[in-house]
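Some notes on the structure that comes next.
The values are calculated or read from the model by the stated rules, or taken from the named source; none is laboratory data. Note that this is a predicted model, so its numbers are computed, not measured. Every residue, glycine as well, gets a Cβ built from its backbone with ideal geometry; the counts of neighbours run over all protein chains shown.
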Amino acid sequence: MKNIAPKLIELFKKGYCTPKILALAKRLREPSTTLHYNIKKLEREGAIKSYKAVFDYKKIGEGFCAYVLINLSPDEYGDPEKIAKDLSKHEEIESVDISTGDYELIIKVRTKDQDAFYEFVKNVFSKRGVIKTKSIISLKQIKTEFVEL
């Protein structure tokens, strides 16, 4: 059989997942039509943005995870969303948060290994607007996306 797992993983990362309505209906003891109506309503209202698979990242070749704290240059400090949106375009970046405190941005990065992370840091964070970074390496993830691993 043809192995399309890498293609599926990429689509799942982009939100091509759907809820299991019948399993939810059984668990909640509600008709599937009631669930479908409520889910569609939540989607229309924007309460549900996307459905995403939760991966064992080691098994899909993305086992290295780091949080990068970023200080912006004074000329970019007034518009952190601009830098955040530019950074979010990189597929290695899983999340971007604008924060308060000592750092303006918190970035969650996933790569294959530390060498790939090093190349990513060299190529991405050397851009205009970023004056200082601090990386925190995740040794083991216990819970993600509200799912215990």
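I'd like the residue in region 61-72 that is among the aliphatic types (A, V, I, L, M) and more than 15 Å from the chain's Cα centre (by Cα) and, out of all such residues, is surrounded by the fewest Cβ atoms within 10 Å (Cβ to Cβ). Within region 61-72, the match that is surrounded by the fewest Cβ atoms within 10 Å (Cβ to Cβ) is LEU69.
Of everything in region 37-50 that is in a loop (DSSP other than H, G, I, E, B) and over 12 Å from the mean Cα position of the chain (by Cα), the residue that is farthest from LYS112 (Cα to Cα) is GLU45. Residues in region 19-50 that are touching a Ser or Thr at 6+ places or on another chain (Cβ under 6 Å) and either in contact (Cβ under 8 Å) with a residue 12 or more places away in the chain or at positive phi (or both): 1 in all.
Here is a check on your reading of the model: is TYR57 modelled with pLDDT of 90 or more, of a type outside the set (A, V, I, L, M) and under 14 Å from the mean Cα position of the chain (by Cα)? The answer is yes for TYR57.
Please find, within region 51-60, the residue that is surrounded by the most Cβ atoms within 10 Å (Cβ to Cβ) out of those that are part of a helix (DSSP H, G or I) and in contact (Cβ under 8 Å) with a residue 40 or more places away in the chain.
Among those that are part of a helix (DSSP H, G or I) and in contact (Cβ under 8 Å) with a residue 40 or more places away in the chain, it is TYR57.
Scanning region 1-27 for residues that are in contact with a helix residue (DSSP H, G or I) (Cβ under 7 Å, 6 or more places away or on another chain) and either under 30 Å from ILE93 (Cβ atoms) or not β-branched (Val, Ile, Thr) (or both) yields ILE9, PRO19, LEU22, LEU24, ALA25. Within region 79-90, is there a residue that is out of contact with any His (no Cβ under 6 Å at 6 or more places or on another chain), within 30 Å of ILE21 (Cβ to Cβ) and in a loop (DSSP other than H, G, I, E, B)? For region 79-90, residues out of contact with any His (no Cβ under 6 Å at 6 or more places or on another chain), within 30 Å of ILE21 (Cβ to Cβ) and in a loop (DSSP other than H, G, I, E, B): absent.
Being at positive phi and of a type in the set (D, E, K, R) holds for only one residue in GLU145, GLU81, and it is GLU145. Going through SER95, SER99 one at a time, which residue ends up being among the polar types (S, T, N, Q), closer than 21 Å to GLU10 by Cα and surrounded by 10 or more Cβ atoms within 10 Å (Cβ to Cβ)? Going through SER95, SER99 in turn, just one is among the polar types (S, T, N, Q), closer than 21 Å to GLU10 by Cα and surrounded by 10 or more Cβ atoms within 10 Å (Cβ to Cβ): SER95. Of all residues in region 115-149, those satisfying the criterion of being part of a strand (DSSP E or B), under 23 Å from LYS13 (Cβ atoms) and in contact (Cβ under 8 Å) with a residue 12 or more places away in the chain are SER135, ILE136, ILE137, SER138, THR144, VAL147.
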